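These notes are about the structure you will find just below.
The values are calculated or read from the model by the stated rules, or taken from the named source; none is laboratory data. Since we're looking at a predicted model, the values are computed, not measured. We place every Cβ from the backbone using ideal geometry, glycine too, and count neighbours over all the protein chains shown.
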Amino acid sequence: MRGILIERNFTQFVVFAEDSILSALSKITANQSRLIFVVSESGILQGVLTDGDFRRWIAKCGEIDLNRPVTAAMNPSCRSAAEGTSASDLSAQLNSRIIALPLLDSHGRIVAVARRATDGLQIGSHRIGDDAPCFLIAEIGNNHNGDLNTALQLIDAAQAAGADCAKFQMRDMSRLYRNAGDSNDMASDLGTQYTLDLLERFQLSDDELFRCFDHAASKGLVPLCTPWDEASLTKLNSWGMEGFKVASADFTNHALLTSLAATGKPLICSTGMASEVEIRSGIRHLQNEGAGYVLLHCNSTYPTPFKDVNLRYLERLRNLAEAPVGYSGHERGIEVPIAAAALGAVVIEKHITLDRSMEGNDHKVSLLPDEFAQMVQGIRRVEESMGSSGERSISQGEMMNREVLAKSLVATCNIPSGTEITEAMVGIQSPGQGLQPNRLSDLIGKTLPMDKAAGDFFFPSDLETPAATPRPYRFLHRFGLPVRYHDIESFAATSNLDLVEIHLSYKDLEVDLDQVLPRKQPIGLVVHAPELFAGDHTLDLCSADDDYRRHSIDELQRVVDISRDLRRRFDCTDPVLLVTNVGGFSEHHHLKHNELQPLRQRLINSLQQVNTSGEVEIIPQTMPPFPWHFGGQRYHNLFVDSAFIQEFCKETGMRVCLDVSHSKLASNHLNSSFSGFLKAILPFTAHLHLADAKGVDGEGLQIHDGEIDWVQLFSLMKQLAPEATFIPEIWQGHKNNGEGAWLALERLENCVESGPQQKVA
């Protein structure tokens, strides 16, 4: 059975009889338990108000007045149980209908609330459970060696390393040890004498510990402490500790467990030095006491040999505990805690020190601050990697490689439309831009909906719904399509496009424009610079490497010069817009806010060195948090959040290309309002890329396949960027004669206010 949790801090479950119905409803919403108990001023139970009670009251009352006392709507017949009722008896009374029971003393006063234990705990702002990030405890213990300044430095180091919690220990030596903690007691054996000697010299005073707790809290860490005795527990509880750590040595100390449970605060219990029989006994005791707890698998050897760690016990412990489990490690290195996180540990506790050569055996098994940071990073990467056990989907990175490396079904000969396809008409060749080879049997016998030339790909539209085809469209803004040199004329001839956006590759920089564009094109132009140049050079105008940045400036200048030439070959009266990614990415993690200023300054300096001659307007593209580059996914830092973009545009006078898919992903990542982003950035927008988005890296999706409100977007565009142009930029939207792009325009057209096509210069 799932354990019973006894809430002794139960204020969230009660209201006074004179409180209003509205006040009671607010508390029901806050406690998320669908009920509230009503008590007199002396705490005597009067009744209960549930969601059902409230609905029944509304149904029978004439005039609804939520300011009436809660007694008007409550049910006076409320089930309860006596204080001290066993967990098994409470479990028998709690069910899907009765989710909480008030526990009453002999006078009928509520002293606690019993309910089913959930799959997790709350300590401060951290939820601890299977659906939450691993709670990482930096065990400082006595590694301060009795020096307050060292203790404060350890807290700072723990925070800098990414810990969630800084943990200490408190002992009342005079009460804890039968010899009052006298290390000179000749009757004690060597081990006891050694430990007592260290504790005598290396303990912080109570006031010093409280200063440490305050300092940890000021750093955003959860302060925790292990009380080794009842007197220490009383002091810590009075200070306001939000939970308690139970040392392995005390997991068999049921008297202390009872006192800890009586605080009503969550417990993190280590199980080192305990047999399984003793672990089972401790679990039963915690459940009977109604404690909320996490059990940590632990081997209390300093250091623990790897052969004795036994991480596989985590799964068995989870089944025994009927609660979340974690790991407390005393082995050397960082690998085992990372592995424990991969096996489902929701709490990791590891010792931290400033110097492993300091006196005391805890130092020998502790991590230095940089090692602790590496462990934290490893655990967070493992968490990110765990994913879900649901149906496998193809990631964006895999899709990119599939397009290049996989194979497709292709026509082996010219095939007129209306032909029934035979196996002889179909071959298998790379790249993987068409139907995958496993669809061959589906294709054989189908009637071809359109002509295929030898070498053409077969597409899903050859099997299912016919592909969208071009037609005239009605938009209030000037619009176009992304193109390569070879499909400019064919795309422009089949619709009323106002412009094309040429997406250049580094190979395109070498072509003879007279050959690919022999005559002037009667259409507008936007140019998109390559992000990858010859020699695996990814454009980065922000690089701290002067040579790399110089190379990027030179490559961008080449693109500007080509754009100037292209402008003369298109219908462009204004400077041609040049969309570019400007760099500012990092390999392993996002940069902190205070690290961005040097990148920003190098970017501005780089752009000042590019000569546009007034014929080209460079518009940096807004970026997603996790962009895909050739060579893998990276972390982007510039043109991600609206504040940076606003400041940059105001300082430089530059405009941007607003990629709405990128920026929706960025807003999701930053937990910020996307409509707020649009309102901030659209006034600085010259051009837009339109595609849908989902999550934090699902970019380039077909319109309506993601999370963007397109009606809202076009409304804001009309208000804040009436002269901006746009293209649909759907992932692989150019395939099959642009079917993805035409479908996008079809869907977008339905999101725009009706009205005649407006040409804006």
Check: Of the residues that make up the stretch 663-671, is at least one over 25 Å from residue 399 (Cβ atoms), touching a helix residue (DSSP H, G or I) at 6+ places or on another chain (Cβ under 7 Å) and part of a helix (DSSP H, G or I)?
Finding: no
Item checked: Subset of the stretch 162-173 that is over 19 Å from residue 125 (Cα atoms) and not in a loop (DSSP other than H, G, I, E, B) - its residue that is nearest to the chain's Cα centre (by Cα) -> 168
Checklist line | Options 14, 38; residue that is modelled with pLDDT of 85 or more, in contact with a Ser or Thr (Cβ under 8 Å, 6 or more places away or on another chain) and either within 28 Å of residue 122 (Cα to Cα) or surrounded by fewer than 12 Cβ atoms within 10 Å (Cβ to Cβ) (or both) | finding: 38
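Looking only at the stretch 705-719, which residues are in a loop (DSSP other than H, G, I, E, B) and either surrounded by fewer than 18 Cβ atoms within 10 Å (Cβ to Cβ) or out of contact with any Asp or Glu (no Cβ under 8 Å at 6 or more places or on another chain) (or both)?
Within the stretch 705-719, 705, 707, 709 meet the criteria.
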Item checked: 1 or more residues farther than 30 Å from residue 242 by Cβ and polar (S, T, N, Q): qualifying strands (runs of 3 or more DSSP E) within the stretch 1-82 -> 45-50
Notebook entry, point to check: Inside the stretch 635-666, can you point out the residues that are among the basic types (Lys, Arg) and surrounded by fewer than 16 Cβ atoms within 10 Å (Cβ to Cβ)?
Noted result: 650
Notebook entry, point to check: Do we find that residue 679 is closer than 17 Å to residue 714 by Cα, touching a strand residue (DSSP E or B) at 6+ places or on another chain (Cβ under 9 Å) and of a type in the set (Lys, Arg) in this structure?
Noted result: no
Next item on the list: Please work out which residue is nearest to residue 316 (Cα to Cα), limiting yourself to the stretch 255-277 and to residues that are touching a residue at least 60 places away in the same chain (Cβ under 8 Å) and part of a loop (DSSP other than H, G, I, E, B).
Entry: 266
Item checked: Selection status of residue 741, hydrophobic (A, V, I, L, M, F, W, C), crowded, with 19+ Cβ neighbours inside 10 Å, at pLDDT below 95 and more than 26 Å from the chain's Cα centre (by Cα) -> yes
Note to self: Could you go through the stretch 356-363 and let me know if any residue there is more than 25 Å from the chain's Cα centre (by Cα), surrounded by 15 or more Cβ atoms within 10 Å (Cβ to Cβ) and part of a helix (DSSP H, G or I).
What the structure shows: yes
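Considering each residue of the stretch 316-365, count those that are on the phi < 0 side of the Ramachandran plot and either of a type in the set (Gly, Ala, Ser) or outside the structural domain of residue 156 (by TED's automatic domain parsing) (or both), and give that number.
Qualifying residue count, the stretch 316-365: 11.
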Next item on the list: Could you tell me whether the stretch 340-359 includes any residue that is over 23 Å from residue 270 (Cβ atoms), among the charged types (D, E, K, R) and at pLDDT 95 or above?
Entry: no
Next item on the list: Could you grab the pairs with beta carbons closer than 8 Å, sequence gap of 6+ or different chains, first residue in the stretch 556-572 and under 16 Å from residue 518 (Cα atoms), second one small (Gly, Ala, Ser) and not in a loop (DSSP other than H, G, I, E, B)?
Entry: 570/524; 571/524
Item checked: Qualifying positions in the stretch 672-697 - of a type in the set (D, E, K, R) and assigned to a helix (DSSP H, G or I) -> 679
Item checked: Residue pairs meeting the criteria (Cβ under 6 Å; at least 6 apart or on separate chains; first of a type in the set (Lys, Arg), in the stretch 51-79; second not in a loop (DSSP other than H, G, I, E, B)) -> 68/21
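Yes/no per residue for (1) in a helix (DSSP H, G or I); (2) touching a strand residue (DSSP E or B) at 6+ places or on another chain (Cβ under 9 Å); (3) surrounded by fewer than 14 Cβ atoms within 10 Å (Cβ to Cβ); (4) at pLDDT 95 or above:
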site: 525; (1), (2), (3), (4): no, yes, no, yes
site: 547; (1), (2), (3), (4): yes, no, yes, yes
site: 553; (1), (2), (3), (4): yes, no, no, yes
site: 562; (1), (2), (3), (4): yes, yes, no, yes
site: 572; (1), (2), (3), (4): no, yes, no, no
site: 589; (1), (2), (3), (4): no, yes, yes, no
site: 596; (1), (2), (3), (4): yes, no, no, no
Check: Do we have any residue at all in the stretch 606-619 that's assigned to a helix (DSSP H, G or I), of a type outside the set (A, V, I, L, M, F, W, C) and farther than 28 Å from residue 719 by Cβ?
Finding: yes
Check: Does residue 702 satisfy being among the polar types (S, T, N, Q), within 23 Å of residue 499 (Cβ to Cβ) and surrounded by fewer than 24 Cβ atoms within 10 Å (Cβ to Cβ)?
Finding: yes
Next item on the list: Being within 24 Å of residue 287 (Cα to Cα) and of a type in the set (A, V, I, L, M, F, W, C) narrows it down to one of 59, 87, so name that one.
Entry: 87
Checklist line | Some residue of the stretch 678-693 being of a type in the set (Val, Ile, Thr), out of contact with any His (no Cβ under 9 Å at 6 or more places or on another chain), touching a residue at least 24 places away in the same chain (Cβ under 8 Å) and not assigned by TED's automatic domain parsing to the domain that holds residue 499 | finding: yes
Check: What are the pairs, 6+ residues apart or on separate chains, where a residue within the stretch 212-234 that is over 18 Å from residue 146 (Cβ atoms) has its Cβ under 8 Å from a residue that is of a type in the set (Phe, Trp, Tyr)?
Finding: 223/168; 223/213; 224/168; 224/244; 227/244; 233/244
Next item on the list: Mind listing whichever residues of the stretch 455-490 are farther than 27 Å from residue 720 by Cβ, crowded, with 19+ Cβ neighbours inside 10 Å and aliphatic (A, V, I, L, M)?
Entry: 467, 468, 483, 488
Margin query: Among (1) within 16 Å of residue 699 (Cα to Cα); (2) among the aromatic types (Phe, Trp, Tyr); (3) more than 21 Å from the chain's Cα centre (by Cα), there is one condition residue 626 misses while meeting the rest; what is its number?
Written below: (3)
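Residue by residue, here is whether (1) part of a helix (DSSP H, G or I); (2) at pLDDT 90 or above; (3) under 21 Å from residue 742 (Cα atoms) holds:
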{"site": "418", "(1), (2), (3)": "no, yes, no"}
{"site": "432", "(1), (2), (3)": "no, no, no"}
{"site": "440", "(1), (2), (3)": "yes, yes, no"}
{"site": "455", "(1), (2), (3)": "no, yes, no"}
{"site": "466", "(1), (2), (3)": "no, no, yes"}
{"site": "472", "(1), (2), (3)": "no, yes, yes"}
{"site": "475", "(1), (2), (3)": "no, yes, yes"}
{"site": "486", "(1), (2), (3)": "yes, no, yes"}
